[in-house]
1. FRET efficiency for SER108 and LYS210, Cβ-Cβ distance as r, R0 = 30 Å, nearest 0.05?
2. Applying 1/(1 + (r/R0)^6) with R0 = 35 Å to the Cβ-Cβ distance of LYS164 and PHE291, what FRET efficiency is obtained, to the nearest 0.05?
3. If you average the alpha carbon positions of the stretch 84-154 and of the stretch 212-262, how far apart do those two centres end up, in angstrom?
4. Along the Cα→Cβ direction, 7 angstrom out, place labels at GLU96 and THR241. What is the inter-label distance in nm?
5. When N is the residue count of the stretch 246-308, what does its C-alpha Rg come to as a fraction of 2.2 N^0.38 Å?
6. Can you tell me the Rg and Dmax of the stretch 72-128, counting just the alpha carbons, in angstroms?
7. Taking 0.36 nm per residue of separation and subtracting the Cα-Cα distance, what length does fully extending THR264 through TYR116 add?
8. Take the residue pairs LYS125/LYS161; LYS127/LYS220; LYS107/LYS164 and return only those whose Cα atoms are more than 21 Å apart.
Amino acid sequence: MSNIAPRGLITAGFNPSPTRVNSDSSADGSLAPASLCVSSGLCSCGRRRFIEAAVAMPSLFPIRPSKASAASKLTSEDYTAMLEEVHPPRPGWYEELYASVLNTAMKSYEAEIAGYKTELFAELKGKAEQVLEIGIGTGPNLRYYAADSGVRVFGVDPIMKMEKYARAAAVAAGLPLSNFEFIHAVGEAIPLEDASVDAVVGTLVLCSVKDVDNTLKEIKRVLRPGGLYLFVEHVAAKDGTILRFIQSVLNPLQQILADGCHLTRDTGRSISNSGFAAVNLQTTTLSSASFVNPQVYGIALHNQCRLGRSSDSVREFLLVLRHCRLSVSSFLSLFLDYVSGY
Ligand SMILES: C[S@@+](CC[C@H](N)C(=O)[O-])C[C@H]1O[C@@H](n2cnc3c(N)ncnc32)[C@H](O)[C@@H]1O
């Protein structure tokens, strides 16, 4: 298990590590779902990215480090300042009410999304030990992945009132509280080391963050190479539809009632364009979510590895082909790139 520690001493972490690893550095990665392939829809991957995605099967493809970036030097004061700037404290009664409503009013939604989440979180089984959940809220996802032995969860949320619900959800999920840490912070400035977690989970949160792109950057920074970002987000309906019109009208009210939640964000596109090696994104509509539709869900792979040129290379190449649905051009790109190494 890798060492990991919240940065800037915002909270007392477990396994504190004095070493900081740069976000683009060479931490070895070994996590990737065999079923994760480049999606044809919103995926923005180019040829290099495709290859990086395709080599995500750990024991088969050696990781090669890319250039290291300068480590960020944020202190606990910086994180606190970011928290206050991005999500200034709301009145206590508002936060309490919001947390309590979230805890009770989402039951029918959770029941309807359960099948999707079960499938999605199955990708983490036995593969992710250090998991960060951004905007953990009351912790409705913990039951899907936290019971795995050895899993440690960092739950980031700017609303302290969520903590008691999230801790209760952790206990109910069978996660020892010694393996759960609630971190009072925002997704735009995550107080964790670079490349320190195996997976990041975020559900219904990019609608609420102040800066979607910065949050996605932070997610990539804390993910180790080969790490996974699992998401479920509601997004704007198609332009010109009645639903989109309703969303535009309700958007200001929604932000007041639901702690800054935006109904009209094109979050799927933001995720697809944020520089992950591969994004597998699906869209669905949930009857329990009413105008908070459609919803996108899926997995993004954070990878900075390249195809190895080992003696098993033909086997590696064949496995890539078997696990990924390739367009003809992707296949040719992969093939040319691969043989050019000889
Ligand atoms: C709609 S709730 C979703 C909670 C939970 N993920 C779920 O699926 O039920 C949005 C959550 O995002 C949190 N949040 C709001 N702004 C945030 C930010 N800038 N960074 C991280 N979390 C944020 C809220 O406090 C809230 O817990």
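Rule-based calculations on the coordinates, nothing more; no lab input. Bear in mind that the values here come from a model prediction, so they are computed numbers and not experimental data. Note: ideal-geometry Cβ built from the backbone for every residue, glycine included; neighbour counts use all protein chains shown.
1. The calculated FRET efficiency here is 0.55.
2. Efficiency, rounded to the nearest 0.05: 0.70.
3. Cα centres, the stretch 84-154 to the stretch 212-262: 16 Å.
4. Placing both labels 7 Å beyond Cα along the Cβ direction yields 3.9 nm.
5. 1.45
6. Cα-based Rg and Dmax for the stretch 72-128 come out at 17.6, 43 Å.
7. Between THR264 and TYR116, full extension yields an extra 51.0 nm.
8. Among LYS125/LYS161; LYS127/LYS220; LYS107/LYS164, the Cα-Cα distance tops 21 Å for LYS125/LYS161.
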